[in-house]
Amino acid sequence: MTTGDVRTLTVRAAAKINLHLGVGAVRADGYHPIDTVFHAVSLFDDVTAATGEPGSGPVLTLDGSDHVDLVDVPFDRRNLVHAAATRLAREQQRAPDVRVAVHKSIPVAGGLAGGSADAAATLVALDRLWGLDLEDQDLLRVAADLGSDVPFALLGGTARGTGRGEVLQRVDDRSTWWWVLVTSTHGLSTPAVYRRFDELFPTAPARPTPADRVERAIHSGDPVQLARVLHNDLEPAAFDLRPGLAELVSRGEAAGALRGMVSGSGPTCAFLCADADAARAVCSELRETEPARAGDLGADGAVLVTTGPAPGVHQVAYERR
Ligand code: ATP
């Protein structure tokens, strides 16, 4: 190998919460139609891809922040990073020679679409390192093939998602919203939460509840209005599978949050706060009380202050050796 052959690029991808998650009855193909408002928040995974070593991939290494349990993350082709690299290489008819190091701060199976964020980051890193310069539409198409939440991870910001969540329309969101996230080291399986939803709501309407009210509240810029209309159809199923979550939501609201809710399929809970000071106050109060729930939610879950909307996948470092 000659000097200058190995190129390393680090890109960052955000976690998402759902400000509205309307879920319709399961379709014949097994999917649930959704009408959602995705919102990227400032909790990120970093994906560092290195190319220039023939016959080297994809090879994956993983590490994580203290609050992230990596035990359930596969290293093989079931990992979405691996899937993204092989998929893009196949489309481009090239060898998937790449080493990818993922640093996870987004909890695993937390309802924050961390795996999807990593897949989106991998696509952007390889698009740059392989000099593909794909059109946005092409990247979004490959992303949608990898998973319903992957296109939004590319886009970031705030966006309405329909279909399975892969049909996206940006929402004009000029505010900074303050969120306290309470994560758990024990994830909840998204398919299990949807199955519980089917059992609890056997007569769910085919069309999911529309997200219009949340879109209007975002345009108002007023956290009190937004707090009133936050909505998650999966919340009863997540509460049923993890009863401690309902109590956690009440506790966060008692601590001063305008509103608490389960994020996506859970178990992460998101608390909307009026401003930065309120978010810090809710965060410290929840940090004091959370050890009491250790057995229920995982002793090492984190209580974090975040803001949204956060950007989509973006580059943070580049090196050539
Ligand atoms: P979903 O995106 O399915 O709604 P989630 O947001 O709750 O799920 P993820 O962190 O994306 O949770 O992980 C769901 C599962 O995906 C994990 O349990 C793990 O087995 C698998 N997985 C595959 N690749 C990754 C990855 N890069 N990071 C985390 N999990 C991954």
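General remarks:
- Residue within region 161-176 that is touching a residue at least 12 places away in the same chain (Cβ under 8 Å), open to solvent by 10 Å² or more (accessible area, probe 1.4 Å), assigned to a helix (DSSP H, G or I) and within 15 Å of the ligand (Cβ to nearest atom) present: no
- Selection status of D240, under 22 Å from A153 (Cα atoms), more than 14 Å from the ligand (Cβ to nearest atom) and either surrounded by fewer than 18 Cβ atoms within 10 Å (Cβ to Cβ) or among the charged types (D, E, K, R) (or both): no
- Failed criterion for M261 (all others in (1) part of a helix (DSSP H, G or I); (2) without any contact (Cβ under 8 Å) to a residue 60 or more places away in the chain; (3) open to solvent by less than 20 Å² (accessible area, probe 1.4 Å) hold): (1)
- For region 94-150, a residue qualifies if it is more than 9 Å from the ligand (Cβ to nearest atom), closer than 22 Å to H39 by Cα and in a loop (DSSP other than H, G, I, E, B), and exactly one does: S105.
- Every listed requirement among (1) open to solvent by less than 30 Å² (accessible area, probe 1.4 Å); (2) more than 12 Å from the ligand (Cβ to nearest atom); (3) within 24 Å of A317 (Cβ to Cβ) is met by V37 save one, (3).
- Qualifying residue in region 56-66 (condition: modelled with pLDDT of 95 or more and of a type in the set (D, E)): yes
- Scope region 112-134; condition open to solvent by 10 Å² or more (accessible area, probe 1.4 Å) and farther than 16 Å from A83 by Cβ; matching residues: R128, W130, G131, L132, D133, L134
- Taken as a whole, region 136-159 holds no residue that is acidic (D, E) and more than 30 Å from Q93 (Cβ to Cβ).
- Filtered residue count, region 95-109, keeping only those that are at pLDDT below 95 and surrounded by fewer than 18 Cβ atoms within 10 Å (Cβ to Cβ): 1
- Test: residue in region 100-109 that is at positive phi and in contact with a helix residue (DSSP H, G or I) (Cβ under 8 Å, 6 or more places away or on another chain): yes
A quick yes/no check of all residues on (1) more than 19 Å from the chain's Cα centre (by Cα); (2) within 16 Å of the ligand (Cβ to nearest atom); (3) modelled with pLDDT of 95 or more:
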{"residue": "A227", "(1), (2), (3)": "yes, no, yes"}
{"residue": "L230", "(1), (2), (3)": "no, no, yes"}
{"residue": "G244", "(1), (2), (3)": "yes, no, no"}
{"residue": "S250", "(1), (2), (3)": "yes, no, yes"}
{"residue": "A278", "(1), (2), (3)": "yes, no, yes"}
{"residue": "R287", "(1), (2), (3)": "yes, no, no"}
{"residue": "R293", "(1), (2), (3)": "yes, no, no"}
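- Looking at L70, L88, L43, just one residue is of a type in the set (A, V, I, L, M, F, W, C) and assigned to a strand (DSSP E or B), and that residue is L43.
- Hits in region 139-167 (condition: in contact with a Phe, Trp or Tyr (Cβ under 6 Å, 6 or more places away or on another chain) and over 20 Å from L230 (Cβ atoms)): R164
The values are calculated or read from the model by the stated rules, or taken from the named source; none is laboratory data. All figures in this text were calculated on a predicted structure; none of them were measured in a lab. Cβ coordinates were reconstructed from backbone atoms using ideal geometry, including for glycine residues, and neighbour counts include every protein chain displayed. Areas reflect the complete protein model, heavy atoms only, side chains present, ligands, DNA and RNA absent. Shrake-Rupley method; radii C 1.70, N 1.55, O 1.52, S 1.80 Å.
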